Each structure stands twice: as structure tokens, then as C-alpha cells.
Amino acid sequence: MTQTSDLPGRIFLFSAASMAAVALLMFVFIFATAAPVMVREGIGFITGTVWSYDTHQYGILYFIAGTLALTAVTMLLAVPLGIGTAIFLTEWAPAHLDRTISTSIELLVGIPSVIYGIFGYFVLEPIFRLHIDPAVSATLGWIPIFYDSDPGSGSSILLASFVLAIMVLPTITALSREAMRSVPREYREGSLALGATRWETVRHVVFPASMAGILTAVILGMMRAMGETMAVVMLLGNVPVMPHSILDPAYAMTSKILNDIGYRVAEEESKSALFGIATVLFLIEMALVALVRGVSARYDTRGGNAR
């Protein structure tokens, strides 16, 4: 009887251990493959700006900068819209409108990234190149990060970030909505009974109480944006330069791996360099996750008070 009752626990333990083992195996494989070039280049692998298979120089600073700029702009676009939508669906939307909007947003998850890339390239790129980019540059161009140095090109951080924001929106919205719905009704009723308005209740009660769940949604959305490849390859421009404006093209780490791996996988040194990019990307994501997790750990998921 005891052995039978322990069986579900053993199955679940095996499942958890299997997932941990797969993650560890992936990291060990990527790091071991990347080690030769990363050890030889040292810190220059991260701070260097020259990437040349002919001269055996591998510096990925431009790729790191492109990835971080793309992720930052994407999250600046997606987070307010996603959390705002979640607040509306949770606190204001009637049931039929909640179902309609939620279904529409969730449908975005099933669209392949290449479709987003095609839509961005053929539909949005001309709009950005002919209308949005010139308007942004003419209005805010006196600020360096909004200046368009190449008006003839529509591929840019802004275009790629706009499409990525649509891609990560379902994740941020759905998880944020669930976090807000998990806040006990008594919290809302108590706040309203004390004379607070609905917005004040959301701002001072619901939002802080669900902060940990919202930050989790932001983490997953950020990792999706940072790890996206196909749409980024099609829309970012793939120019290895240091971006100074959101209207500049750039080159993401994932794009470099995708563009080169098919031609360089047979060469040990080149493959090691490309796996080095993957290793650095993995470490950056882990560092960002740890940072946001550290912030979320300061909040009580029930009361939302900083510890």
C-alpha cells in the first residue's frame, strides 16, 4: 500500500529531475562547444567589435548592444500595453468583452514567428519607412535616440521591436490578468468600503498584491523577445554597428547565429565562436531573470508590501 501511494510522487520527481537534467545538459553542451574560442579570446570576446572568420577575430559587442536595445524598446512598448489590457479585462471589462478580447489576444500565440516577420516586412516596413520613421525623426530628431540617420531604410530597432511587442503581448497580458484575478475579492471590497475609487483600488491594492505575478509575466515576455530569431532577422537590418537611435538598424545575437550556423557548423573554430554567442545570450538572460526575481522576492504575493 505504501509503495503504491509513493508511486505518483516518484513519477513527479522523475519528471522534475528530467527537466532539470535536460536544462543542465543543454548548458553543458553549449558551454563546452563555446569554450575553445571564449577561453582564447578572453574578455575581448565580449568587448571586441571585430568579427572575422578570415582573421580569426571574434568580438560580439555590437551583437550584444543590438540585442539589448531591441529587448529594451520591445518591453517599453509591450509592458504598458499588456498590463493595461490585463487591468481592463480584470477590473472593467464586462464578461462578454473579456472573452472576446482574451480570445483575440490568445490567438496571437499560435501565429508562427515567420508570419510575423513576413507581415512586418511587406506591410509594416513601408509604413514605417514612409510615414512613422520620418514623423518620429522630424518631431523628436533633436534627441539622438530618435534621429533617423538613414531615411531610406525601413529596417530598424523600432520596426523589429513593434513586431516583437505584438508577439510577447499575449504572454504579458494573460499572466498579468491571472495574477490580478488571484487577488482575493475581500481586498477590493475593503478598499472600496473605505472610500477608495476603483482606480485607487487597482493602483494601491490589486496592483501591489499581484506584483510578483506581473513581474513573472514581464520576465517571460522579455526572454521571448531576447530569444526571438526569425522575425528579427527579417526586420532588424542585420548591420553590425553600435546603434545610437531606435531608428537605426542593428544586429541581434540570435540573428548572427541563425545567419551563419548553416555555413560554419562544419568548421570547429567558427562553430565554437557561434556557440559562444549562444552562451553569452544564455548568461545575459539568466542575469536578467535573477535581477527581476530579486525584485519580485521583495513583494508579498498576498499583501504586496515590500519585505
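For the stretch 282-297, indicate whether the set of residues that are part of a loop (DSSP other than H, G, I, E, B) and either at pLDDT below 95 or surrounded by fewer than 17 Cβ atoms within 10 Å (Cβ to Cβ) (or both) is non-empty. Write out each step before concluding.
Initially, the stretch 282-297 is screened for residues part of a loop (DSSP other than H, G, I, E, B), giving 297.
Filter once more, keeping what is either at pLDDT below 95 or surrounded by fewer than 17 Cβ atoms within 10 Å (Cβ to Cβ) (or both): 297.
Yes, the stretch 282-297 contains at least one residue that is part of a loop (DSSP other than H, G, I, E, B) and either at pLDDT below 95 or surrounded by fewer than 17 Cβ atoms within 10 Å (Cβ to Cβ) (or both).
Within the stretch 37-58, is there a residue that is touching a strand residue (DSSP E or B) at 6+ places or on another chain (Cβ under 8 Å), within 26 Å of Leu159 (Cβ to Cβ) and at pLDDT 90 or above?
Within the stretch 37-58 (the criterion being touching a strand residue (DSSP E or B) at 6+ places or on another chain (Cβ under 8 Å), within 26 Å of Leu159 (Cβ to Cβ) and at pLDDT 90 or above), the answer is yes, since at least one residue qualifies.
Say we look at the stretch 92-148 and pick out the residues that are touching a helix residue (DSSP H, G or I) at 6+ places or on another chain (Cβ under 9 Å) and not in a helix (DSSP H, G or I); which of these is surrounded by the fewest Cβ atoms within 10 Å (Cβ to Cβ)?
Per the stated criteria, the residue is Pro112.
Between a first residue in the stretch 18-42 that is within 23 Å of Gly59 (Cα to Cα) and a second residue that is among the hydrophobic types (A, V, I, L, M, F, W, C) and surrounded by 11 or more Cβ atoms within 10 Å (Cβ to Cβ), which pairs have beta carbons less than 6 Å apart while being 6 or more apart in sequence or on different chains?
Ile30/Phe275; Ile30/Ala278; Thr33/Phe275; Ala34/Phe275; Val37/Ala273; Met38/Phe45
From Ser270, Ser245, grab the single residue that is assigned to a helix (DSSP H, G or I), touching a residue at least 40 places away in the same chain (Cβ under 8 Å) and polar (S, T, N, Q). Lay out the reasoning, then the answer.
Details: Ser245 fails: assigned to a helix (DSSP H, G or I).
Exactly one residue qualifies, and that residue is Ser270.
Among Glu178, Glu200, which is in a helix (DSSP H, G or I), of a type in the set (Asp, Glu) and under 20 Å from Leu81 (Cβ atoms)? It would help to see each step written out before you state the result.
Numbers: Glu200 fails: under 20 Å from Leu81 (Cβ atoms).
So the residue among Glu178, Glu200 that is in a helix (DSSP H, G or I), of a type in the set (Asp, Glu) and under 20 Å from Leu81 (Cβ atoms) is Glu178.
Identify, by number, the condition in (1) more than 22 Å from the chain's Cα centre (by Cα); (2) assigned to a loop (DSSP other than H, G, I, E, B); (3) in contact (Cβ under 8 Å) with a residue 40 or more places away in the chain that Pro240 doesn't meet.
Here Pro240 clears every test but (1).
Could you identify the single residue in Leu76, Leu68 that is modelled with pLDDT of 90 or more, of a type in the set (A, V, I, L, M, F, W, C), farther than 15 Å from Ser272 by Cα and surrounded by fewer than 16 Cβ atoms within 10 Å (Cβ to Cβ)?
Numbers: Leu68 fails: surrounded by fewer than 16 Cβ atoms within 10 Å (Cβ to Cβ).
Just a single option satisfies the conditions, and that option is Leu76.
For the stretch 219-229, does any single residue satisfy the condition of being surrounded by fewer than 23 Cβ atoms within 10 Å (Cβ to Cβ) and more than 20 Å from Leu76 (Cα to Cα)?
Within the stretch 219-229, not a single residue is surrounded by fewer than 23 Cβ atoms within 10 Å (Cβ to Cβ) and more than 20 Å from Leu76 (Cα to Cα).
The values are calculated or read from the model by the stated rules, or taken from the named source; none is laboratory data. Only a predicted model underlies this, so the values are computations on that prediction, with no experimental measurement involved. With ideal geometry, Cβ positions are generated from the backbone for all residues, glycine too; neighbour counts draw on all protein chains shown.
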